[in-house]
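Read the structure below first, then the notes.
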């Protein structure tokens with residue numbers, strides 16, 4: 001828990017983000033519902049769970065080697081009317097850990113299945129989370145498009161009144177009407193995009209009742225001060241450590257190392273014999289029944305043991321390769337994480353520039369209208385300024401969406417989003 005709290009900054013960003021959208025239940029309460037629904041119902045996840053169940057039975061099957069083995073053989077001859085039956089029970093007494101290594105091998109397979117399941121869950125979670133962010137962005141763009149249409153309608157009324165008073169030509173009215181129709185078309189396009197994203201979200205979560213277009217009126221967004229503070233106070237070294245600890249790529253390579261290490265131990269133990277207790281009961285058609293009990297030693301030294309020696313040396317080299325693969329994947333994960341962090345910072349800076357541009361345009365609009373009244377600005381310049389403002393608003397929301405998707409990628413990479421979906425962590429040293 002202490003380590004979890006120390007590296008909670010990315011999670012804080014997500015928490016403030018999803019809680020700051022306030023009364024709109026689809027974004028506050030239904031994120032976890034969407035993730036859980038997707039993880040529980042997606043066919044890929046179900047396949048991964050079935051593989052885990054299969055691996056668990058393989059472990060139990062291998063553990064059965066600790067128990068006695070019962071063998072019955074029998075044969076008969078028609079010519080000499082001779083028959084024989086043998087009942088044999090073998091119990092491993094001491095095998096220098098050979099059964100343990102076989103059980104360990106199956107446990108490693110089980111862990112590999114669990115990591116594949118985690119990887120599949122995170123793949124599904126990323127799709128769902130990205131659609132949520134896309135839906136938020138589309139909602140914000142829908143609000144901008146609605147405002148844009150309203151402002152164009154006001155401009156139409158404004159220029160129409162001037163035309164009726166013989167202060168503006170009819171061409172200005174027609175131009176304003178064309179721009180208003182264009183704004184209405186844009187609004188319809190954005191509304192369709194919201195519906196499309198929502199339907200896709202329902203599709204990948206297998207939840208037809210998830211959200212409703214009627215609940216998409218809230219346009220509250222992330223608290224900018226909290227957001228900026230958390231992004232710029234990220235502890236990069238701690239994030240890298242957590243990524244190395246929770247990344248499925250690193251976990252998979254560690255499993256490969258464990259498998260090779262266990263295989264090497266198994267090869268070493270093959271040098272030693274296996275001691276079994278054996279009880280035999282023989283029945284013959286022409287002689288008296290016979291019972292025997294004793295200790296049996298089994299060992300296989302094919303090629304005078306040279307094959308085993310070569311096998312051990314080969315696996316030692318493969319162990320070195322497995323170690324380097326783990327380190328190589330750690331480097332790749334760290335690079336990916338750093339790229340995401342710097343992309344987030346860059347997108348934050350771009351947002352600041354776009355906000356400043358929007359503020360300037362809003363201030364300029366009032367000035368332009370005054371200058372239009374005095375004849376220093378044309379009507380086309382007024383309309384173009386409105387168009388430029390809407391374009392900047394759309395750009396700003398697009399950059400925000402990309403930034404939040406990068407935050408989600410980091411959260412998935414370090415395992416912080418797992419708890420939202422009820423997915424258990426796979427922790428390894």
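Would you confirm whether any residue within segment 109-117 is in contact (Cβ under 8 Å) with a residue 12 or more places away in the chain, surrounded by 18 or more Cβ atoms within 10 Å (Cβ to Cβ) and within 16 Å of residue 407 (Cα to Cα)? Within segment 109-117, not a single residue is in contact (Cβ under 8 Å) with a residue 12 or more places away in the chain, surrounded by 18 or more Cβ atoms within 10 Å (Cβ to Cβ) and within 16 Å of residue 407 (Cα to Cα).
Residue 64 - would you say it is assigned to a helix (DSSP H, G or I), modelled with pLDDT of 75 or more and either under 30 Å from the mean Cα position of the chain (by Cα) or closer than 23 Å to residue 197 by Cβ (or both)?
Spelling it out, it is not the case that residue 64 is assigned to a helix (DSSP H, G or I), modelled with pLDDT of 75 or more and either under 30 Å from the mean Cα position of the chain (by Cα) or closer than 23 Å to residue 197 by Cβ (or both).
Residues are listed down the side, and each one gets a yes or a no for (1) more than 30 Å from residue 337 (Cβ to Cβ); (2) in contact with a strand residue (DSSP E or B) (Cβ under 8 Å, 6 or more places away or on another chain); (3) touching a residue at least 40 places away in the same chain (Cβ under 8 Å):
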| site | (1), (2), (3) |
| --- | --- |
| 370 | yes, no, no |
| 380 | yes, no, yes |
| 391 | yes, no, no |
| 394 | no, no, yes |
| 397 | no, no, yes |
| 408 | no, no, yes |
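Within segment 158-173, the set of residues being over 15 Å from residue 381 (Cα atoms) and surrounded by fewer than 13 Cβ atoms within 10 Å (Cβ to Cβ) comprises 161, 164, 165, 166, 167, 170. For residue 81, the requirement of being at pLDDT below 95, at positive phi and surrounded by fewer than 20 Cβ atoms within 10 Å (Cβ to Cβ) is met. Considering the conditions (1) surrounded by 12 or more Cβ atoms within 10 Å (Cβ to Cβ); (2) within 19 Å of residue 167 (Cβ to Cβ), residue 375 is excluded by exactly one of them, (1). Among the residues of segment 265-291 satisfying the criterion of being closer than 17 Å to residue 74 by Cα and exposed (fewer than 14 other Cβ atoms within 10 Å of the Cβ), which is modelled with the highest pLDDT? Per the stated criteria, the residue is 291.
For residue 128, the stated conditions do not hold, so it cannot be described as more than 38 Å from the chain's Cα centre (by Cα) and at pLDDT below 95. For segment 48-61, which residues satisfy the criterion of being farther than 17 Å from residue 104 by Cβ, touching a residue at least 12 places away in the same chain (Cβ under 8 Å) and over 21 Å from the mean Cα position of the chain (by Cα)? Passing the criteria: only 54.
Would you mind stating whether residue 25 is modelled with pLDDT of 90 or more and in contact with a helix residue (DSSP H, G or I) (Cβ under 9 Å, 6 or more places away or on another chain)? No: the conditions fail for residue 25.
Within segment 351-372, the only residue that satisfies the criterion of being more than 27 Å from residue 155 (Cα to Cα) and crowded, with 16+ Cβ neighbours inside 10 Å is 351. Which of (1) surrounded by 15 or more Cβ atoms within 10 Å (Cβ to Cβ); (2) in contact (Cβ under 8 Å) with a residue 24 or more places away in the chain; (3) over 23 Å from residue 400 (Cα atoms) does residue 332 not meet, given it meets every other one? With (1) surrounded by 15 or more Cβ atoms within 10 Å (Cβ to Cβ); (2) in contact (Cβ under 8 Å) with a residue 24 or more places away in the chain; (3) over 23 Å from residue 400 (Cα atoms) applied to residue 332, the lone miss is (1).
The values are calculated or read from the model by the stated rules, or taken from the named source; none is laboratory data. Remember, predicted model here, so these are calculated numbers, not experimental data. As a convention, Cβ positions derive from the backbone with ideal geometry for all residues, glycine included, and neighbour counts pool all protein chains shown.
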